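Input: a single structure, listed below in structure tokens.
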Amino acid sequence: MRLHQWSKNFLIFVPLIISHEFDLADIRDAAIAFFSFSLVASATYIFNDILDREVDELHETKRLRPFASGDLQPSTGWFVIVPLLLLGAGLAALLPIAFGMVLAAYVLVSIAYTLRLKRMLGLDIVVIACLYVLRVIAGDEAIGAQFEGLDSSDWILAFSCLLFLSLATVKRCSELARLENGPQQRLLGRSYTVGDYPVMLAIAAAAGLSSMAILMRFIGSPDVTQNFSQPRILWVIVPLLIFWLIRMLLLANRGKIHTDPVVYTLRDPMSQLCGVGVFLVSLLAW
């Protein structure tokens, strides 16, 4: 079920935080959305691991996964997938129908990714970025966040699209960096070769820095200046995030990111420190 990857679903709370309206009903709905999304995501992870078990057997770390290692049989996985989907759907039924539609889109895209898209050059990282963005959209639909004037949702989605495209590419860069001096020149189950590494690193840097540019525009937008008492303090967030992004790119260049970049960020002490800094700056600006 990859419970450690449930941490990615905290993105669902982003629209709630940005809305500045911490109504108890909205907090409840966001929490329901989190568990609904997490249960359904676990079902898609199991589906992926069942279908990829033969390829995973040849992978350095994925060979330890239950189906690849033989600890679990595929029949067990299929038995678990159904109740996970039903539980997730049951929780989704408590929320606006738009949330359910986003959740269904996530499932369909995840299935397509497992069956075909993950092996398509370039498209796989775009799909991964989209799956992250769907979490943010799901959080927005769960609480029915509505903004007047310049829509905060648009800013957040634009920022998220580019940031998660960067992180998805960072993961591929780290995988390719570990192959650079070895006999294997192609990623298992993917369409990338070691020769693609410089281009991928450039894409990761360009997408990441572009997301920072959008963040800077967002800080100066009416949405922010009207909702924060000291909006200029928020500019301190920019160098913190740029430092974090540069560090992630350098770690990827050294092949040090062995897991999902978002999960890695949540576990990495320096990234945690940057996160605390962003939180404190936001409080001071409030």
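Can you tell me the accessible area per residue over the chain, all protein chains present, probe 1.4 angstrom, in square angstrom?
For the chain, the solvent-accessible area averages 49 Å² per residue.
Per the 1.4 Å probe, what fraction of the accessible area of the chain, in percent, lies on carbon and sulfur atoms?
After summing per-atom areas, the C and S share lands at 67 percent.
Any chance you could get the radius of gyration and Dmax over the Cα atoms of region 7-48, in Å?
Every Cα atom of region 7-48 included, Rg and Dmax give 11.9, 37 Å.
Just to compare against my own numbers: the Cα pair-distance distribution for region 136-264, 5 Å bins, whole % per bin, please.
Over region 136-264, the share of Cα pairs per 5 Å bin runs 2, 10, 17, 18, 16, 13, 10, 7, 5, 2, 1, 0 percent.
For region 1-140, rounded, prolate or oblate, judged on the Cα gyration tensor with a ≥ b ≥ c (square roots of eigenvalues), a/c < 1.5 rounded, else prolate if a/b > b/c? Mind dumping the intermediate values first?
Values: a/c = 2.24, a/b = 1.71, b/c = 1.31.
Prolate shape, in that a/c is at least 1.5 and a/b is the bigger ratio.
I want to verify the translational diffusion coefficient of the chain in µm²/s; compute it with Stokes-Einstein, Rh as the Kirkwood radius over Cα pairs, at 4 °C and 1.567 mPa s.
Working: Rh = 20.0 Å.
Estimated via Stokes-Einstein, D reaches 65 µm²/s.
Based on the Cα gyration tensor of region 59-133, what are the three equivalent ellipsoid semi-axes, each the root of five times an eigenvalue, rounded to whole Å and given largest first?
Semi-axes (√(5λ), whole Å): 25, 21, 9.
What residue among 170, 126, 238 shows peak mean-square fluctuation when the chain is described by a Gaussian network model with Cα springs under 10 Å?
Ranking 170, 126, 238 by mean-square fluctuation puts 238 first.
The values are calculated or read from the model by the stated rules, or taken from the named source; none is laboratory data. Just so it is clear, the model here is predicted, and its values are computed rather than measured. Note: areas computed on protein heavy atoms with side chains; ligands, DNA, RNA excluded. Shrake-Rupley method; radii C 1.70, N 1.55, O 1.52, S 1.80 Å.
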